[in-house]
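These notes are about the structure you will find just below.
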Amino acid sequence: MRGEARPTRARIRLEALRHNYRLLRSSAPGARVMAVIKADGYGHGIDRVARTLAGEADCFAVSGVDEAMPIRAAGATQPVVLLGGFFAAAEIPLHVREGFQPVVHSWWQVEALASAGPHESLDVWIKVDSGMHRLGFLPGEVAEVHRRLTALPNLRQIGFLTHLAEADDRDSPRTLEQLRVFDQACAGLPGPRSAANSAGTLGWPAAHYDWVRPGISLYGASPFIDQGRPRPDLRPVMTLESGLISVKRLPAGAPIGYGSTWRCPEAMPVGVVAIGYGDGYPRHAPSGTPVRVDGVESQLLGRVSMDLITVDLRPCPEARPGAPVVLWGDGLPAETIAERAGTIAYELYCQVTPRAPRQVVAPTR
Ligand SMILES: *Cc1c(COP(=O)(O)O)cnc(C)c1O
């Protein structure tokens, strides 16, 4: 019965994932694609995401080795870049054996590689801090890191990777500044380069280099903050849905939910939906956040509870218990809900809990 009795579920449409992958690939025709599937495929399920893209992705990227093993278990054989590198030198033999490519972001990792002894084949990426000031070597250190790594007998290819802090803002000058710093830091050094996340892939051709690294856009959310501009033709992979379980008419002035934060301005129909923050719907979504009830756009009323939310049925007075409700996904971008709730689609996807079972819609061949 799990996932069948309660109408709450995250429907995962793998066809949309494939569509988005192809769109991203054609957006960066000169580059190869590293599909970023960390954090359980942004909450979509890493095994099914890896299996869906196994025939097409040039490479996968995750945070660390614990996330990389399920990719192998899913049968995908392409290289896997570990964006956080190794957390301990003891991992290195596993990287060699499984074709994992660690990012090297700190001197302690250079030392660990030097003392790890010879391995016949290991590809690594030097992380360059081009201005985000999170992980990575400062530009002035890069040539020295490269020299030290080149001297090791166990490395095959050494690439260069950086991360963009403001690519989601198409008007920010920071991106081109970072690319200039990146270019200078690795000028004259051989090896592939990679800088573009989703926003870089879709909005900044100068950031494409040899490898693009889209994550959020694979799952169908726009990476840009300028929601007003046309969205790229991405399709939502996840639709979070539930159903009405109660419908009633309330008098004018009736308060709704914990804290009585919303009151009916008139006599009106309201509905109760079987979803709440215990399923991953954001508790901070305010009254007025859009929901689709029976295919009609309506709004959330009052506070989100653990198991339930209340919605306005004035736009769809005919809706009855059992009517489908979409919280985000089909016809309702996750970015819109995220913005209302003061967060980003990334977090919405990652926070969907196991109580909302993933219901997979398989791709057609
Ligand atoms: C998560 C991540 C990405 C993907 O970013 P999106 O904004 O989801 O496209 C790319 N590169 C690195 C280093 C990351 O950590």
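A few remarks follow.
- Restricting segment 91-134 to residues that are farther than 17 Å from Val145 by Cβ, part of a helix (DSSP H, G or I) and among the acidic types (Asp, Glu), the residue that is least open to solvent (accessible area, probe 1.4 Å): Glu91
- Verdict on Ala39 being closer than 18 Å to Ala221 by Cβ and surrounded by fewer than 24 Cβ atoms within 10 Å (Cβ to Cβ): yes
- Residues being part of a loop (DSSP other than H, G, I, E, B) and within 13 Å of the ligand (Cβ to nearest atom) - total across segment 187-207: 2
- Residue selection: Arg9 fails the criterion of being among the basic types (Lys, Arg) and either at positive phi or surrounded by fewer than 16 Cβ atoms within 10 Å (Cβ to Cβ) (or both).
- Hits in segment 283-337 (condition: assigned to a strand (DSSP E or B) and either under 25 Å from Ser217 (Cα atoms) or not assigned by TED's automatic domain parsing to the domain that holds Tyr258 (or both)): Pro290, Val291, Arg292, Glu297, Val325, Val326, Leu327, Trp328, Gly329, Leu332
- Those helices (runs of 4 or more DSSP H) of segment 26-90 in which at least 3 residues are more than 12 Å from the ligand (Cβ to nearest atom) and of a type outside the set (Ser, Thr, Tyr), considering only elements entirely within it, cover 46-53, 65-73.
- Selection count, segment 166-185, where residues are among the aliphatic types (A, V, I, L, M) and out of contact with any Pro (no Cβ under 8 Å at 6 or more places or on another chain): 2
- Restricting attention to segment 208-218 and to residues that are over 10 Å from the mean Cα position of the chain (by Cα) and in a loop (DSSP other than H, G, I, E, B), the residue that is nearest to the ligand (Cβ to nearest atom) turns out to be Arg213.
- Residues of segment 20-36 classified as within 18 Å of Ile216 (Cβ to Cβ) and touching a strand residue (DSSP E or B) at 6+ places or on another chain (Cβ under 9 Å), total: 10
- In segment 154-164, the residues that are touching a helix residue (DSSP H, G or I) at 6+ places or on another chain (Cβ under 9 Å) and away from the ligand (no atom under 11 Å from the Cβ): Asn154, Leu155, Ile158, Phe160
- Scanning segment 135-153 for residues that are within 16 Å of the ligand (Cβ to nearest atom) and either part of a loop (DSSP other than H, G, I, E, B) or not assigned by TED's automatic domain parsing to the domain that holds Phe86 (or both) returns Leu135, Gly136.
- Residues satisfying the stated conditions in segment 252-308, i.e. touching a Lys or Arg at 6+ places or on another chain (Cβ under 8 Å) and of a type in the set (Asp, Glu): Asp279
- Those residues of segment 219-234 which are closer than 18 Å to Leu14 by Cβ and away from the ligand (no atom under 16 Å from the Cβ), in sequence order: Asp233
- Segment 309-338, residues that are within 16 Å of the ligand (Cβ to nearest atom) and open to solvent by 10 Å² or more (accessible area, probe 1.4 Å): Pro333, Glu335
- Unmet criterion (only one of (1) surrounded by fewer than 19 Cβ atoms within 10 Å (Cβ to Cβ); (2) in a strand (DSSP E or B)) for Glu241: (1)
- The one condition in (1) open to solvent by 10 Å² or more (accessible area, probe 1.4 Å); (2) in a loop (DSSP other than H, G, I, E, B) that Val272 fails to fulfil: (2)
The values are calculated or read from the model by the stated rules, or taken from the named source; none is laboratory data. Just so it is clear, the model here is predicted, and its values are computed rather than measured. All Cβ positions, glycine included, derive from the backbone under ideal geometry; neighbour counts span all protein chains shown. Just so you know, the surface numbers come from the protein's heavy atoms only, side chains and all, with ligands and any DNA or RNA stripped out. Shrake-Rupley method; radii C 1.70, N 1.55, O 1.52, S 1.80 Å.
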